[in-house]
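A.B. asks: The structure follows.
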Amino acid sequence: MALKDYLPSQKDTPMDFYWSLIIEPGWVQAGIWKIEEDKTKVLSVSPSSAWKTDEELSEAADSALSAAVQDLPDDAPEPSKTVFGVSPTWVSDGSILPEFIEKIKNVSSKLSLTPAGFVVMPEAIAHHVKSKEGSPLNSVVVGVGGESIEVSLFLLGNLAGTQVVARSVSVGDDVIEGLSRFKHVENLPSRFLLYNGREAELEEARQSLMKIDWSKTENLKFLHTPNIEIIKPEEKVLAVSLAGASEISNVLSVEVEKTPEPEIQEEIEEVAPNIDTGFVVGQDLASSRVEVPEKVNEERQEIPREQVAEDKKPSGILVKLKSMNKKVEGAVGSIKPKVDMTGLTKVAGKKTFVFGVVALLLVFGGGFSYWWFYPKATVNIVVTPKKLEENIALFVDPGVSSIDTSKRILPGGKLEKDVSGEKTVPATGAKTVGDRAKGAVKMQNGTSEDIDLPTGTAIESSGGLRFTIDSATSIQAALSPSSPGTATVDVTAADIGAEYNLAGDESFSVSNYPKADVDAVATADFSGGSSRQILAVSEEDRDNLQEDLIDELLLKAEKELKSDLSDGNLLIEESLVQNVKDISFSKKVGDEAENLTLSLSLSVEALSVKKEDLLSLAENVLENKIPEGFVFRESQFSSVFEILGEVDGVYEVDTTFKVNLLPEIDPEEVAKKILGKYPPLAQEYLLSVPGFRRAEISLRPKFPGKLGTLPHVAKNLMVELSAEK
C-alpha cells in the first residue's frame, strides 16, 4: 500500500515520533507512534472527536491530539510529522481533492503539524488485516458515516472499487445499494468489516446487517451468510500508523506500547497550592515535575463526542512545563544551606523547620480539601433520539368531565377574549390632482337650419383632446354658403393636465356633426390646465393594515388566554377564531394622506384541554410503537392540531403526536461511573452510552492540568439527559 505524498516531504528518521490523524466525515481521531526494532509501536490512541465545520475540524483535531499526548512519556519529544487517514471521498486518481487539501493545510497550520502523507482508510484497514492475519483481505469494508455509507470491495487484497451511497433510514438497504453497483463481481466476499468514529453506532449498523436475509437479495450472491465484524476505533489508528511506517522503513507489523493510565494518587497530588514557591512534600524537589496552575475560573465546555482538551495548544504547554522544570532544578542545585553549629542556632533551626512543615501541611491539607470537596459540575448528555410521529383524529367535548381513551374523547373548555387596538402606517398610494384648462371657441353653422347645443356638449381637438361647453348655446343657420351662422361659447377641458392648454388657432369638431357642416375655432389660447402627483390612501394600504393589526391582536389574545388558563391546561392555538366587532379607518381610499390609522376590536374564541389528558391519550396511542430500550418523556413530547369541524358543540381535531424517544439511561448510574475522572476518561465512558452525540460539561471551578477532574463527591455532580435538536 502506497503512502501518497501531497506536500513537500522531509527526510524521516526511523526513531522519530509521528502523529496519526484520522479525519472521517464528522469524526477525528489521533495516535502517536514510532518505529523500533522493525516494528511500529503505537504509544497512544485518543477517543474520537466530532466536527462539522472547518473551524470545528481544527478544534476537534486539537482535542484529539491533546488526548493522545497525555499518554506520551515525559522524556519523549512531541511529534510534528503527521500521517493522515482520510475518507475515500477525499481522494480521486491517487490524489486528495483540492478542497480537502485546504482542510488538511488549515489543520496543519493551526496545530503546527508537518504533513508526511496520507492513506485512504479502507486501504489502510486492508493492509492492517493482512499484516495481522497473514493473508490478503477478501472482504467488504463499510465506512458508516452520518450522511453517507462508503462501501469498498476487496478481492484477494486488491481494491475492486468504492461506492458512496447517500444515508437512508436503513444501513442494510444502503449497503445492498452499494454492493449492487459492483455488477462485474459474481460471488461477493462473505465478510463485512464496519468502521467509523463511534463504536456504539457501529453495533446498531451490525445488527441491521445481521437481520438481512442475504439469500433473498437480488443480484447479490454470497457463498454463505456474511460474517459482520466491527473495526474498533483503536484498530484504525494502528492501521494508519502501520501504513505510514511501512512507507518509511518497510515495517510489516504493529503493536501497542501501553503507558500507565493517569490516576489520582495521594503521593502524586501532594503538591501545595502555592506551587510557585518550590515546596513539595514527600518528593525530591530536584526531580519533581512542577506545574504552574492557571487562573481558576468557571468555564463551560462542550464535548462534541470528543474528549475535552485541557489546554488549547498541548505542545506549547508541555514544552513550557519541561523548560520550567529545568530552571527549577538548576535553581535548587545552586542552593547550599548554611548551618551554624552553635546550640542556639540548632534549636532555632529545628523550630523553624517544624513550623515550616506544619504550615506546609496545613496549606496542603486546605488546598487538597478544597480540590476534593468544593468543585461542582453539571454534565448534560446530549443523545440522538428516535423520532416517532402518529396522526390521529380526536374529539374535544366541553360537555364531558373525564377522558375516554377508547373513543379518543378529551374534556375541554371554550375560552373567549375581547381585544382591541390601533395601528398607524404610512400611506403608499398615489393620486394625480390638478386643474382643467379653460378657453372660448367660435362655433360656425354652415347648414340651413339653426342648431341648439345643450350644456356639456363635447367638442374635440385635432389632437383628440375633449372639451365641453360651459352653457347651452344656439347657432343660427347660414345665410349663404359664404356666410355661416356663428356663436361664441366658453369651454372647459374634460380632464386635468397642462396638455389641454391649446393655442388660439386650434380647430375643433362639434359633437356628432360633420366638421364640414359645423366646426369651432379657439378665439384665444387655452390656459389653466395643470396636474401633479400626491400621496394618497390605496386599497392595498387598508387591506395590509387590517391584516397586520388582526395578527397582532390575535397574538395578544392568545397570550392573555394562556395567562387565564389554570395550571395543567393547554391552549389549542390552532383553534383560535376571531370575529370583527368594530373597525374604523381614518381615511377613505383615494384620500390625500401621509398616514393611515385603523382602530379595530376583535372577539376571539379558543379551545383548551388538560395536559394530563393529552399525555394519557398519547401514551395510549403510542404504547406499542416505542422500541425496547427507549422511554417516553413528557419533556420530549409535542403535538400539532388542526380543527376539522364542530357538531353540536363537539370539535373534531386532526392531531399529530410528535415525541423524541430517549434511550433508557439512569443518570445516577452514569454519575457513579464518571465520578472523579478526567474529562477525557469520562468521555471514553460516555461514548458507550446508547445514542450519545456529545456532552456539555460545566465545571465550577476548573482546575488546570491533572487537577482538572470531575467532582469526587457524588452530590456535587449532576448528570442530565437531553435530545439533540
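A.B. asks: All but one of (1) crowded, with 19+ Cβ neighbours inside 10 Å; (2) at pLDDT below 85 hold for residue 231, so report the exception by its number.
C.D. replies: The single condition residue 231 does not satisfy is (2).
A.B. asks: Within the stretch 424-446, can one find any residue that is polar (S, T, N, Q) and closer than 30 Å to residue 550 by Cβ? Full working, then the answer.
C.D. replies: The initial filter retains those residues of the stretch 424-446 that are polar (S, T, N, Q), namely 424, 428, 432, 444-445.
Restricting the remaining residues to those that are closer than 30 Å to residue 550 by Cβ gives 424, 428.
Yes; the residues of the stretch 424-446 include at least one that is polar (S, T, N, Q) and closer than 30 Å to residue 550 by Cβ.
A.B. asks: For the stretch 562-594, what are the residues that are over 42 Å from the mean Cα position of the chain (by Cα), part of a strand (DSSP E or B) and not hydrophobic (A, V, I, L, M, F, W, C)?
C.D. replies: 581, 582, 584, 592
A.B. asks: Looking only at residues that are charged (D, E, K, R) and modelled with pLDDT of 90 or more in the stretch 145-192, which one is nearest to residue 210 (Cα to Cα)?
C.D. replies: 191
A.B. asks: Shifting gears a bit: Hey, among 449, 499, 547, which residue is outside any strand (DSSP E or B), under 60 Å from the mean Cα position of the chain (by Cα) and surrounded by fewer than 17 Cβ atoms within 10 Å (Cβ to Cβ)?
C.D. replies: The conditions single out 547.
A.B. asks: Here is a further query. Exactly one of these conditions fails for residue 531: (1) among the small types (Gly, Ala, Ser); (2) at negative phi; (3) surrounded by 16 or more Cβ atoms within 10 Å (Cβ to Cβ). Give me its number.
C.D. replies: (3)
Residues checked against (1) in contact with a Lys or Arg (Cβ under 6 Å, 6 or more places away or on another chain); (2) under 30 Å from residue 534 (Cα atoms):
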position	(1), (2)
408	no, no
426	no, yes
445	no, no
448	no, no
481	no, no
493	yes, yes
498	no, yes
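A.B. asks: Shifting gears a bit: Would you please name the residue that is nearest to the chain's Cα centre (by Cα), looking only at residues in the stretch 223-249 that are farther than 18 Å from residue 17 by Cα and among the polar types (S, T, N, Q)?
C.D. replies: 227
A.B. asks: Go through the residues of the stretch 621-644 one by one and say whether even a single one is over 37 Å from the mean Cα position of the chain (by Cα), assigned to a strand (DSSP E or B) and under 27 Å from residue 556 (Cα atoms).
C.D. replies: no
A.B. asks: Name the residues in the stretch 564-588 that are small (Gly, Ala, Ser) and over 13 Å from residue 604 (Cα atoms), would you?
C.D. replies: 566, 568, 584, 586
A.B. asks: Also: Would you please name the residue that is surrounded by the fewest Cβ atoms within 10 Å (Cβ to Cβ), looking only at residues in the stretch 205-228 that are part of a helix (DSSP H, G or I) and at pLDDT 85 or above?
C.D. replies: Result: 207.
A.B. asks: Please count how many residues of the stretch 399-444 are assigned to a loop (DSSP other than H, G, I, E, B), exposed (fewer than 14 other Cβ atoms within 10 Å of the Cβ), touching a residue at least 24 places away in the same chain (Cβ under 8 Å) and not polar (S, T, N, Q).
C.D. replies: 1
A.B. asks: Please work out if residue 528 is more than 18 Å from residue 473 (Cβ to Cβ), at pLDDT 95 or above and not assigned by TED's automatic domain parsing to the domain that holds residue 583.
C.D. replies: yes
The values are calculated or read from the model by the stated rules, or taken from the named source; none is laboratory data. Because the structure is a prediction, the values reported are computed rather than measured. When we count neighbours, we look across all protein chains shown, and the Cβ atoms used for this are built from the backbone with ideal geometry, even at glycine.
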